[in-house]
Each structure stands twice: as C-alpha cells, then as structure tokens.
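The values are calculated or read from the model by the stated rules, or taken from the named source; none is laboratory data. Just so it is clear, the structure is predicted and the values come from calculations on it, not from any experiment. Positions of Cβ are backbone-derived with ideal geometry, glycine not excepted, and every protein chain shown enters the neighbour counts. Side chains are part of the model used for accessible areas, which takes the heavy atoms of the whole protein and leaves out ligands, DNA and RNA. Shrake-Rupley method; radii C 1.70, N 1.55, O 1.52, S 1.80 Å.
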Amino acid sequence: MVTKTYKIDKDNIKLPLIKEVAHILCEGGLVAFPTETVYGLGANALDIDAASKIYMAKGRPSDNPLIVHIAHKEDVEKLVTNIPENAKLLMDKFWPGPLTIIFNKSEIVPYGVTGNLETVGIRMPDHSVALAIIDEAGVPIAAPSANTSTRPSPTKASHVLEDLDGRINAIVDGGDVNIGIESTIVDVTSEIPVILRPGYITKAEIEQVIGLVNIDKAILNNKNADSFIAKAPGMKYKHYAPRGEMLIVEGKEENVVCKINELAKEKIKLGKKVGIIATEETKDLYEDGIIISLGRRVDELDITRHLFNTLRELDTLEIEYIFSEGFTNDSVGQAIMNRLLKAAGHNIIKV
Ligand code: AMP
Ligand code: MG
C-alpha cells in the first residue's frame, strides 16, 4: 500500500483536502492525523472491519481498546447509554481538549473497538484539522496513537511515517503537536470517578470541577504496576520503550547530576554509547555522553512536547544506555513520570 501524505495547515484549512481524507475514512480506510496530544491513527469507529485494520497496522493486542473521537459534544449521546452529571461538567469544562471520558457504551459501538469492554472512551480533540476531518467524515473516529505498538507515541508526521509508512492509506501532516503526551483518561462509570491515565489535565483540575476523584492503583504504585490489573488495559503493556537500557535517577538535583555523571563514565569506559535525558536547567552540568534536554523544568508543556521525540532520537542515535532525570510526582509531573517509568521499564534509583 502506498501511504499518501496530505499537508494541511491548522490555521488555513483547505476543505477539498479534508473532503478527500474524510472520504478515505468513510470507505473504511486508515488515516493518521494530528491532534493536540499526539498523532492519532483514525478509522470509522462504527465499522468493525475498518477498526480492526487499526490493530493490524499497529500490531496492537486486540484487548486494548481504542478511544473514539468526536467533533461535537452532542455526538457523545448516541455512543453511550447515559451521560452522568459528572461527565457533563467535565465535557463543558475540558472539551474540546486532552481529556478522555469513559462511559457505558451503547449498542452501536462495536466490541471490536472497546476491546470487548462494556465501556467506551470518548474525546473531542482540540485541533482544527482533527475536528474538520471528523466532522466531514460524519462518523465517530476511533484513533489510538499512530505508532507501532510499544514504540513512543508520535508527535510529528515523520514519527508516524517511521512506523507506519506503507501500512496505512494516508497521513495528514499538520505540523508538530502542541502537548505531546496522550490524553488524561477519567472513568465516570463508578460512584467515585477514577483517573486511569495521567495526562496534561491534572487530578487537581478535575477535582475542581467534580470533587473527589481517585487514581488507579496501577498509576500510583509505579514499582509494582505489573502486579495490579490496570483498569485502562493499555497501561499494562510495555510502552514507549527505547531500544537502549534506560534508568531514571531521582533525588536532589546535585545528587542526580553527580550520580548520572558517574554512571555515564562507567559505561563509556566500557565502550558503550550513553545518552542523558536532562533539562535546560541541568544540561551544562553533564560531562560525558550525548546530552538531550527535554526543555525547561519550570515549563511543563516544554517537557511534555519534547518527551517522545527525545525517546525516538535516542533510538536513531543507537544509544545503548540511557540515564534520565526524574520529575516530581504531582501535577503534570505525574504524567511525565508515568511515561518515563514505562519507557524505563520501571527501572529507577533514588539518590
Ligand atoms: P491510545 O489511544 O493509544 O492512547 O490508547 C488508548 C488507551 O485508552 C487504551 O490503551 C486504554 O488504556 C484506554 N482506554 C480506551 N478505552 C477504554 C475503556 N473503555 N476503558 C478503559 N480504558 C480505556
Ligand atoms: Mg498509544
């Protein structure tokens, strides 16, 4: 299959191109497109055959559900059995935006999209290109991240092509994404809502709108995550893992820098290729290895935006050992640490 590339500027949308892309989706094809979080791999969510192609293209386990994307808040109604009061408040506050809400699914949503669950995750993305495509297609669009399973989520069109060129019908290149990590997922089907995946919208922001929410144990208890059955099935899989062996070093800044310098020297002495994931505040303190700054620690968006690209870059550079600084486990830092820990296979030391 030849993957066709469409370049669409999010500030100057050309409707004829959107129509072409929407047509591919309506015909049961696969189209990758940008959202504000990461690039998604879209298919008609109501067409079981189309959705099953997503699993094949990504090599995704079939019990890992897909998030359904809509272009208008009202579109949620026919996909769910009911909209709890909590969900209405969250939709009003955060949609369009990086929040996926889990509802009880209605009959029209195929089990092939929900990984056989009775629930469905739905989100309205905050990206003009994504919204135009979904609107024009006129159907809800199932769209997981447009990477091959286990690789870091794509934040640029080139990442998508790296993984899926020749396996999907088309890609819409709308430039780099803004946020860079996947949506926060909140399940409102239980009495006390539960955050199943941390993201750019934080627990505190959600609690300001609907009061107390819990966090899934699989997120909190990072070290033992594998011994918990994650409620968001995707959370249990190996993810984001770079090919090199990765270790996170957590603690006071000066101790972290000192320890990473020591570990890097050890590996370099053995002839190994070492990468260091640093920040603008610390990058000049490292002495050896290939140092990549995620951005300014004080600016969480700067960090999230560069995180997955950095993990991919380390692979391109064929780095064998990766040492990364840690992040505080609150606010957006919790989402950053969640992705880093998965990338490192929960390999972490405190100094
Ligand atoms: P991705 O779109 O690649 O970020 O993956 C979507 C993730 O959302 C899945 O891996 C699940 O962890 C989660 N998810 C989607 N639908 C549901 C659902 N109905 N219940 C729980 N988690 C879900
Ligand atoms: Mg994904």
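What to note about this one:
- Residue in region 90-112 that is under 21 Å from LEU164 (Cβ atoms), open to solvent by less than 40 Å² (accessible area, probe 1.4 Å), in contact with a helix residue (DSSP H, G or I) (Cβ under 8 Å, 6 or more places away or on another chain) and modelled with pLDDT of 95 or more present: yes
- Against the criterion of being among the polar types (S, T, N, Q) and farther than 26 Å from GLY175 by Cα, SER149 does not qualify.
- VAL332 vs. criteria in contact with an Asp or Glu (Cβ under 8 Å, 6 or more places away or on another chain) and more than 26 Å from TYR200 (Cα to Cα): no
- Selection of helices (runs of 4 or more DSSP H) fully inside region 143-228 by the criterion of at least 1 residues being touching a strand residue (DSSP E or B) at 6+ places or on another chain (Cβ under 8 Å) and at pLDDT 95 or above returns 157-164, 203-210.
- For region 105-128, the candidate set comprises residues that are in contact with a strand residue (DSSP E or B) (Cβ under 6 Å, 6 or more places away or on another chain) and not in a loop (DSSP other than H, G, I, E, B); within that set, the residue that is farthest from ligand 2 (Cβ to nearest atom) is LYS105.
- Entry remark, region 279-321: residues being of a type in the set (A, V, I, L, M, F, W, C) and more than 22 Å from GLU182 (Cβ to Cβ) number 6 in total.
- Looking at PHE308, PHE327, PHE323, just one residue is crowded, with 20+ Cβ neighbours inside 10 Å and touching a strand residue (DSSP E or B) at 6+ places or on another chain (Cβ under 8 Å), and that residue is PHE323.
- Scanning region 114-172 for residues that are in contact with a helix residue (DSSP H, G or I) (Cβ under 9 Å, 6 or more places away or on another chain), over 30 Å from ARG243 (Cβ atoms) and of a type in the set (Val, Ile, Thr) yields VAL120, ILE122, VAL129, ILE133, ILE134, VAL139, ILE141.
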